[in-house]
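S.K.: If you scroll down you'll find the structure; I have some questions about it.
The values are calculated or read from the model by the stated rules, or taken from the named source; none is laboratory data. Every value quoted in this text rests on a predicted model; they were computed, and no experiment measured them. Glycine gets a Cβ as well: all are built from the backbone with ideal geometry, and neighbour counts include every protein chain shown.
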Amino acid sequence: MLLFTPGPTPVPERVRQAMALPTIHHRTPEFTKIFLETRELLLELFKMKEVIMLASTGTGAMEACVTNLCKKKALVVNAGKFGERFGKIAKAFGKEVVELQYPWDTPAQISDVEKALKDNPDIDAFFIQICESSGGLRHPVEDIAATIKAINPEICVVADGITAVGVEPIDITNIDALIAGSQKALMLPPGLAMIGLSSLALQKIGTGSGFYFNLASELKKQKEGTTAYTAATTLIIGLKEILQIMLKEVGIEEIYDQTDRRATATRVALEAIGLQIYPKKPANAMTAIYDEDAETIRKILKNRYKVNVAGGQEDLKGKLFRINHMGLIEPNEAMWVVNSVEKTLADLGRIEYRGVAAKIFTELYYNEE
Ligand SMILES: *Cc1c(COP(=O)(O)O)cnc(C)c1O
């Protein structure tokens with residue numbers, strides 16, 4: 001079975017082997033060495049002033065950013081389940097919330113952000129997804145962040161990059177907190193989250209807020225090569241191994257380039273067989289296809305062609321299927337996916353199978369080198 005869901009993604013063999021070694025104690029020089037090496041690699045990936053690892057899923061890092069970086073009022077972009085989640089977290093912690101809501105296929109507009117800031121001068125933090133995974137949508141985060149900083153440089157810009165870090169280059173110039181999660185582009189099992197932080201973010205954190213997710217106490221320990229509470233040792237060992245592969249062996253630029261070619265080739269191939277790309281501005285992390293037969297297509301893909309892709313959520317349940325591009329993926333596997341989609345449409349009697357999708361994918365993937 002090919003796992004082509006946009007999280008969790010397959011864990012490379014070498015990373016699984018590294019995580020299979022006997023457990024070591026977290027308060028030892030052996031683990032501190034691994035921890036500090038992992039921190040260095042993460043700083044290289046994030047290209048930010050500081051970085052922090054949390055033993056939680058991505059949502060925990062989202063919560064930590066809300067509680068540590070928003071004092072009073074949050075501006076939140078909601079164009080899907082994950083944007084909606086930022087608003088829910090902020091409300092759960094008694095913050096005031098201004099929400100900019102968009103259909104799941106529509107990127108946030110700079111003019112709406114400008115207006116919201118004008119109407120609410122007490123907003124002190126902004127929250128957005130780089131890729132909103134609900135619809136595979138890419139928000140213009142860098143441009144919005146630049147606009148916000150031009151209006152008020154004190155506003156903390158928090159970008160959920162869980163399906164963007166390790167997928168595509170991100171301009172962090174105006175981003176104060178950048179969130180990543182283990183089970184998406186970092187090809188690890190779920191359970192670890194990371195946050196890159198700017199100088200402004202460090203200043204805003206001050207003595208921190210909350211207890212388990214107090215970023216000040218956590219960061220103090222992490223700079224010393226340990227964690228405030230028991231470290232997620234196995235996952236951190238896996239993280240070190242995957243970052244070694246991504247940054248030192250394959251090369252991050254090469255990964256961005258491969259992902260871009262894979263995403264572009266997939267989109268063009270699927271459009272060529274009559275399918276409709278869902279978001280107005282697709283992210284490279286995944287291809288989301290809107291189709292009334294999405295559920296049947298997913299079933300045939302899984303049962304007949306052994307390809308597991310994700311569906312849609314809420315209003316898009318049964319209407320969407322999402323193909324992952326994150327991680328290190330062999331082109332022959334990605335080609336098999338678009339080929340299987342074409343064959344599936346033929347099985348449904350919608351088109352005649354001609355091998356068009358695989359041909360276009362292969363040509364585009366290798367011609368753009
Ligand atoms: C997966 C994901 C999350 C976090 O989900 P968890 O289940 O808590 O790991 C957050 N934001 C985006 C954009 C995601 O894709």
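S.K.: Have a look at Val167, Val141, Val158 and point out the one that is touching a His at 6+ places or on another chain (Cβ under 8 Å) and under 22 Å from Asp105 (Cα atoms).
M.R.: Val167
S.K.: A further question on this structure: Just the residues that are in a helix (DSSP H, G or I) and within 25 Å of Gly206 (Cβ to Cβ), please, taken from the range 43-55.
M.R.: Passing the criteria: Leu43, Phe46.
S.K.: Let me ask something else. Being in contact with a helix residue (DSSP H, G or I) (Cβ under 6 Å, 6 or more places away or on another chain), away from the ligand (no atom under 11 Å from the Cβ) and closer than 20 Å to Gly58 by Cβ narrows it down to one residue among Val158, Val141, Val98; which is it?
M.R.: That would be Val158, the only listed residue that is in contact with a helix residue (DSSP H, G or I) (Cβ under 6 Å, 6 or more places away or on another chain), away from the ligand (no atom under 11 Å from the Cβ) and closer than 20 Å to Gly58 by Cβ.
S.K.: Hey, another quick one. Could you give every pair whose Cβ atoms fall below 9 Å, whose first residue belongs to the range 241-259 and is modelled with pLDDT under 95, and whose second residue is surrounded by fewer than 17 Cβ atoms within 10 Å (Cβ to Cβ) and among the acidic types (Asp, Glu), counting only separations of at least 6 or pairs across chains?
M.R.: none
S.K.: List pairs: first in the range 153-168 and touching a residue at least 24 places away in the same chain (Cβ under 8 Å) and acidic (Asp, Glu), second in a loop (DSSP other than H, G, I, E, B) and more than 16 Å from the ligand (Cβ to nearest atom), Cβ under 9 Å, 6+ apart or cross-chain?
M.R.: Correct list of pairs: Glu154/Asp124.
S.K.: Note down all Cβ pairs under 7 Å where the first residue falls in the range 332-349 and is among the polar types (S, T, N, Q), the second is part of a helix (DSSP H, G or I) and surrounded by fewer than 24 Cβ atoms within 10 Å (Cβ to Cβ), and they're at least six residues apart or on different chains.
M.R.: Asn339/Ala358; Ser340/Leu301; Thr344/Ile297; Thr344/Ile300; Thr344/Leu301
S.K.: Provide a single number: the residues in the range 21-42 that are free of Cβ contacts under 8 Å to residues at least 60 places away in the same chain and either of a type in the set (Lys, Arg) or part of a helix (DSSP H, G or I) (or both).
M.R.: 3
S.K.: In the set Ile273, Ile255, Ile277, Ile329, which member is crowded, with 16+ Cβ neighbours inside 10 Å, touching an Asp or Glu at 6+ places or on another chain (Cβ under 7 Å), over 16 Å from Ser133 (Cβ atoms) and of a type outside the set (Phe, Trp, Tyr)?
M.R.: Of Ile273, Ile255, Ile277, Ile329, the one residue that is crowded, with 16+ Cβ neighbours inside 10 Å, touching an Asp or Glu at 6+ places or on another chain (Cβ under 7 Å), over 16 Å from Ser133 (Cβ atoms) and of a type outside the set (Phe, Trp, Tyr) is Ile273.
S.K.: Here's a follow-up. Among the residues of the range 125-140, is there at least one that is over 18 Å from the mean Cα position of the chain (by Cα) and buried (at least 24 other Cβ atoms within 10 Å of the Cβ)?
M.R.: Checked the range 125-140: at least one residue is over 18 Å from the mean Cα position of the chain (by Cα) and buried (at least 24 other Cβ atoms within 10 Å of the Cβ).
S.K.: Determine, yes or no, whether Asn303 is polar (S, T, N, Q), closer than 22 Å to Pro8 by Cβ and in contact (Cβ under 8 Å) with a residue 24 or more places away in the chain.
M.R.: Values: polar (S, T, N, Q): yes; closer than 22 Å to Pro8 by Cβ: yes; in contact (Cβ under 8 Å) with a residue 24 or more places away in the chain: no.
Taking the combined requirement at face value, the residue does not satisfy it.
S.K.: Name the single residue, out of those in the range 100-118 being assigned to a helix (DSSP H, G or I) and out of contact with any Asp or Glu (no Cβ under 7 Å at 6 or more places or on another chain), that is surrounded by the most Cβ atoms within 10 Å (Cβ to Cβ). Give the steps one after another, and end with the answer.
M.R.: Taking the range 100-118 as the starting set, the residues that turn out to be assigned to a helix (DSSP H, G or I) are 110-118.
Within this subset, residues satisfying the condition of being out of contact with any Asp or Glu (no Cβ under 7 Å at 6 or more places or on another chain) are 111-118.
Numbers: Ser111: 9, Asp112: 15, Val113: 23, Glu114: 15, Lys115: 12, Ala116: 17, Leu117: 19, Lys118: 9.
Taking the candidates together, the pick is Val113.
S.K.: Going by the structure shown, is Ser198 crowded, with 24+ Cβ neighbours inside 10 Å, under 26 Å from Ala232 (Cβ atoms) and of a type in the set (S, T, N, Q)?
M.R.: No, not satisfied.
S.K.: Residues in the range 277-296 that are in contact with a strand residue (DSSP E or B) (Cβ under 6 Å, 6 or more places away or on another chain), closer than 20 Å to Ala265 by Cα and not in a loop (DSSP other than H, G, I, E, B): how many?
M.R.: Of the residues in that region, 5 qualify.
S.K.: Hey, another quick one. Any idea which of Val66, Val97, Val76 is out of contact with any Asp or Glu (no Cβ under 8 Å at 6 or more places or on another chain), surrounded by 15 or more Cβ atoms within 10 Å (Cβ to Cβ) and assigned to a strand (DSSP E or B)?
M.R.: Val97
S.K.: Looking at Gly191, is it surrounded by fewer than 20 Cβ atoms within 10 Å (Cβ to Cβ), small (Gly, Ala, Ser) and away from the ligand (no atom under 15 Å from the Cβ)?
M.R.: no
S.K.: Here's another thing I want to ask about it. Given the criteria among the aromatic types (Phe, Trp, Tyr) and more than 30 Å from Ala288 (Cα to Cα), does Phe31 qualify?
M.R.: Taking the combined requirement at face value, the residue satisfies it.
S.K.: Looking at Val97, is it of a type in the set (Val, Ile, Thr) and more than 22 Å from the chain's Cα centre (by Cα)?
M.R.: Yes.
S.K.: Give Leu219, Leu197 a once-over and let me know the one that is farther than 19 Å from Ile128 by Cα and either under 23 Å from the mean Cα position of the chain (by Cα) or without any contact (Cβ under 8 Å) to a residue 12 or more places away in the chain (or both).
M.R.: Just a single option satisfies the conditions, and that option is Leu219.
S.K.: Would the range 42-61 turn up any residue that is loosely packed, with under 15 Cβ neighbours inside 10 Å, away from the ligand (no atom under 16 Å from the Cβ) and not basic (Lys, Arg)?
M.R.: Yes, the conditions are met somewhere in the range 42-61.
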